[in-house]
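The values are calculated or read from the model by the stated rules, or taken from the named source; none is laboratory data. Keep in mind that what you see is a predicted model, and the values were worked out from it rather than measured. Counting neighbours? That spans all protein chains shown, and the Cβs are built from the backbone with ideal geometry, glycine included.
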Amino acid sequence: MKELIALDPGALPLSAMTDPLPLRVFRLNDCDWWIARTLEEAKVSYQLECGPMDDEEAFDEPRELSDAELDRLKFHDRDEADRIIRKTIRTFREELRRQIKADPTTPRMFACTEY
């Protein structure tokens, strides 16, 4: 019989079961990325923002971005003429941290290729 080892409860930084899930980035289609806690929350928020559509029209293989994608994909700020502002290019991970610091709770558009 295996011996059970008790862990020191103070040794691991565990969240309470009632703590909200952290915001993540979800790819909803080829053009739109959304911040939300779950994919379902992202889809609902997207449709509230963009108007009602059937899932086939709105979403194309929606999913949470991987760690590699968060580090590879680039976020670009643009000026009024839709030109990239060079000094503001950052990874999706950096932009996610920035946006969560500004608002850690609200599901919303994160990035879009056609905004």
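One table, with the values for the structure above:
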read-out	value
Hits in the stretch 71-83 - residues which are within 19 Å of D30 (Cβ to Cβ) and out of contact with any Asp or Glu (no Cβ under 7 Å at 6 or more places or on another chain)	R72, L73, K74, H76, R78, D82
Options F59, F92; residue that is aromatic (F, W, Y), closer than 19 Å to D30 by Cα and free of Cβ contacts under 8 Å to residues at least 60 places away in the same chain	F59
Output for the stretch 30-54, where each listed residue is surrounded by fewer than 15 Cβ atoms within 10 Å (Cβ to Cβ) and assigned to a loop (DSSP other than H, G, I, E, B)	D30, C31, T38, G51, P52, M53, D54
Among the residues listed as T88, T113, T105, the single one being under 25 Å from L21 (Cβ atoms), modelled with pLDDT under 95 and among the hydroxyl-bearing types (S, T, Y)	T105
Residue ID - modelled with the highest pLDDT, chosen from residues in the stretch 20-37 that are farther than 23 Å from T113 by Cβ and of a type outside the set (A, V, I, L, M, F, W, C)	R37
Any pair with Cβ under 7 angstrom, 6 or more apart, that starts in the stretch 99-115 at a residue that is closer than 20 Å to R27 by Cβ and in contact (Cβ under 8 Å) with a residue 12 or more places away in the chain and ends at one that is among the β-branched types (V, I, T) and outside any loop (DSSP other than H, G, I, E, B)	Q99/I35; P107/I35; R108/I35; F110/V25; F110/I35
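Listed here are the residues, each with its yes/no results for (1) among the aliphatic types (A, V, I, L, M); (2) assigned to a strand (DSSP E or B).
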{"site": "E56", "(1), (2)": "no, no"}
{"site": "E61", "(1), (2)": "no, no"}
{"site": "E69", "(1), (2)": "no, no"}
{"site": "E80", "(1), (2)": "no, no"}
{"site": "K87", "(1), (2)": "no, no"}
{"site": "L96", "(1), (2)": "yes, no"}
{"site": "K101", "(1), (2)": "no, no"}
{"site": "T106", "(1), (2)": "no, no"}
{"site": "A111", "(1), (2)": "yes, yes"}
